[in-house]
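Take a look at the structure set out below.
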Amino acid sequence: MKKVLAITFGAILSTQAGIVSAEEGKPGTGPNPFTDCGIGAALFPDTHWAAVTSNIIWDVGTTAVTSATASPETCSGKNVEVAQFISTSYDNLVEDTARGEGQYLTAMLDIYGCSATARTEMTSNIRGKVGESVSSDDYNSMTNGQKAENYYLIVNDVVSSSPAGTCAA
C-alpha cells in the first residue's frame, strides 16, 4: 500500500514539476525530475521506469524535484556521476578532504575532469568550506543524505567558480 501511495504521490509531483521551467518560465522546457534528476537518474539513466521508481522509493522524489527546480543544470552528465559518487563514498571523501589528499578526492575531481595542476587549489577551497560545514552547530543533526548533499553543493560551487578550462564540467 505504501508503494502505491508513493507512486501516486510521485505522479502528482511529476505533473506539478512540469510547471517549473529551466528556460524563461516556459512549462515543460526543464528536465523531467523523475527521469533526469536525483538518485534514480544516476542509477538508471536509460531505464526511465526504474529511475522514477528509485526516486520515489529513495525520498518520495523530493530531491529530484528540488534539483529540477532549483538547479536543472545538475540533472545530467558529470554532476549526476559526482552526486552518486559522493552519496556512496561520503565518509571516505570527508576523511580525504580533512587530510587534503586521497584516492576518493582524486577520483571525484577526475569525474569532473579537473586538471592535475588545479587540484591543489581546488582541494584547499573544498577543504576550507567542508571544514566550516562540519564545524557548524547543525551538522550533527543532519542526516547522511543531507551531509552528502551539502558536500556536493560545496564541491559543485568550487568547480563551477574555477577558472575556465580548469575542469571539463
Counting just the residues of the range 139-169 that are hydrophobic (A, V, I, L, M, F, W, C) and part of a loop (DSSP other than H, G, I, E, B), which one comes out surrounded by the most Cβ atoms within 10 Å (Cβ to Cβ)? Cys167
Listed by first then second residue, the pairs whose first member lies in the range 150-169 and is small (Gly, Ala, Ser), whose partner is not in a loop (DSSP other than H, G, I, E, B), with beta carbons under 6 Å and at least 6 positions apart or on separate chains, are Ala169/Lys78; Ala169/Tyr112; Ala169/Val159
Would you please list the contacts, defined by Cβ atoms under 8 Å and residues six or more apart or on different chains, that run from a residue in the range 120-138 that is in a helix (DSSP H, G or I) to a residue that is among the aromatic types (Phe, Trp, Tyr)? Val130/Tyr151; Ser133/Tyr139; Ser133/Tyr151
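Read-outs: derived from the displayed coordinates by stated rules, not from any lab. All values derive from a computational prediction rather than experimental measurement. Here the Cβ is made from the backbone with ideal geometry for all residues, glycine too, and neighbour counts use every protein chain on show.
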